[in-house]
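Report on one structure; see the data block that follows.
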Amino acid sequence: MRKFIVGNWKMNGMSSDLDEIVAISAVAQLHPSVDSALCIPATLIDRAVTAVGAFPIGSQDCHMQRAGAHTGCVSGDMLLDAGAVLTIIGHSERRAAQQEQDSDIRAKAEAAKAAGLKTIICVGETLDEREAGKALDIVLGQVAHSLPEAAAGDWLSLAYEPVWAIGTGRVAEPTDVADMHAAIRAALVARFGAEGEKIRILYGGSMNGDNAAVLLALPNVDGGLIGGASLTAAKFQPILAAAQVSGE
């Protein structure tokens, strides 16, 4: 399975940053055995697609309806029209700040699939949930309830993001990551059979150039959802290099 490295710029990026997006697309071409993409603010998608050509550009959310009275929202069809080819759904920051529930995430994923967008569904536990011994139950519950019935296929990836390791510099121990990814894989296979083996599971907790090689070498870690380290080509490139080596 090819590694999949996806940058999530979150609420960062102005027209002055288009040159950096171009630079990131250029370093991605140096690692042809790795699938990569950038999910950027919707305001930049059209201009970024024009600037980088075939390099995959995505969004960070997708509304569950195709159109209608949803002020401030962006539909899958709109994202596709702007040139996006993928989207993140259910990031922990949206689960927390926008109070998104598993049912919302499932509906959004269905809408993204219907629009023709590849989709990354995020799951993960908070520090309180982990310390209470509930991490596995929380994450597998999110897997069970956030994924559409027709989830199998190369349109879908999952991202496991321990919430306490996002933007904090803290990284889950490799054994913890391996155990959680193995549990997610088992749940996918139990639900979808052999197709569950083909769904890529990314790690999304402060992966960077220093720890990427160790994390990407773990079983069932099929790539990374990268936050801060995706904002510049200089920081993103070492992760791509580690992914290429781990996939050889």
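The values are calculated or read from the model by the stated rules, or taken from the named source; none is laboratory data. None of these values were measured; they are calculated from a predicted model. So basically every Cβ, Gly included, is an ideal-geometry build from the backbone, and we count neighbours across all protein chains shown.
Does Thr50 fit the bill of being closer than 26 Å to Gly13 by Cα, of a type in the set (Val, Ile, Thr) and in a loop (DSSP other than H, G, I, E, B)? No; evaluated as a whole, the condition is false for this residue.
If I filter segment 193-205 for residues that are buried (at least 18 other Cβ atoms within 10 Å of the Cβ), more than 20 Å from Ala28 (Cβ to Cβ) and among the hydrophobic types (A, V, I, L, M, F, W, C), do I get at least one hit? Looking through segment 193-205, at least one residue is buried (at least 18 other Cβ atoms within 10 Å of the Cβ), more than 20 Å from Ala28 (Cβ to Cβ) and among the hydrophobic types (A, V, I, L, M, F, W, C).
So, in segment 207-243, of the ones that are assigned to a loop (DSSP other than H, G, I, E, B) and out of contact with any strand residue (DSSP E or B) (no Cβ under 9 Å at 6 or more places or on another chain), which residue ends up surrounded by the most Cβ atoms within 10 Å (Cβ to Cβ)?
Start the filter on segment 207-243 by keeping residues that are assigned to a loop (DSSP other than H, G, I, E, B), which leaves 207-211, 217-222, 227, 231-232.
Next, from what is left, pick out any that are out of contact with any strand residue (DSSP E or B) (no Cβ under 9 Å at 6 or more places or on another chain): 209-211, 217, 219, 232.
Values: Gly209: 16, Asp210: 12, Asn211: 18, Ala217: 13, Pro219: 10, Thr232: 15.
It comes out as Asn211.
Right, Gly141: surrounded by fewer than 18 Cβ atoms within 10 Å (Cβ to Cβ) and in contact with a helix residue (DSSP H, G or I) (Cβ under 9 Å, 6 or more places away or on another chain) or not? Yes: the conditions hold for Gly141.
Mind checking whether some residue in segment 61-71 is closer than 23 Å to Ser36 by Cα and at pLDDT 95 or above?
Residues of segment 61-71 closer than 23 Å to Ser36 by Cα: 61-62.
Now restrict to residues that are at pLDDT 95 or above: 61-62.
Looking through segment 61-71, at least one residue is closer than 23 Å to Ser36 by Cα and at pLDDT 95 or above.
Confirm whether Ile89 is surrounded by 16 or more Cβ atoms within 10 Å (Cβ to Cβ), within 22 Å of Ile166 (Cβ to Cβ) and of a type in the set (Val, Ile, Thr). So Ile89 fits the description; yes. Of all residues in segment 30-45 being buried (at least 20 other Cβ atoms within 10 Å of the Cβ), touching a residue at least 40 places away in the same chain (Cβ under 8 Å) and not charged (D, E, K, R), which is farthest from Gly83 (Cα to Cα)? Restricting to residues being buried (at least 20 other Cβ atoms within 10 Å of the Cβ), touching a residue at least 40 places away in the same chain (Cβ under 8 Å) and not charged (D, E, K, R), the top hit is His31. In segment 110-122 there is at least one residue matching the filter, namely being touching a Phe, Trp or Tyr at 6+ places or on another chain (Cβ under 9 Å), hydroxyl-bearing (Ser, Thr, Tyr), at negative phi and crowded, with 24+ Cβ neighbours inside 10 Å.
Of the residues that make up segment 178-185, is at least one part of a helix (DSSP H, G or I) and in contact (Cβ under 8 Å) with a residue 60 or more places away in the chain? Scanning segment 178-185, I find at least one residue that is part of a helix (DSSP H, G or I) and in contact (Cβ under 8 Å) with a residue 60 or more places away in the chain, so the answer is yes. The number of residues in segment 1-38 being of a type outside the set (Gly, Ala, Ser), in a strand (DSSP E or B) and either out of contact with any Pro (no Cβ under 9 Å at 6 or more places or on another chain) or on the phi > 0 side of the Ramachandran plot (or both) comes to 3.
Taking the condition farther than 23 Å from Asp102 by Cβ, of a type in the set (A, V, I, L, M) and touching a residue at least 12 places away in the same chain (Cβ under 8 Å), does Leu156 pass? No; evaluated as a whole, the condition is false for this residue. Examine segment 191-204 for a residue that is within 21 Å of Glu20 (Cα to Cα), in a loop (DSSP other than H, G, I, E, B) and under 15 Å from the mean Cα position of the chain (by Cα), and state whether such a residue exists. The answer is no; no qualifying residue exists.
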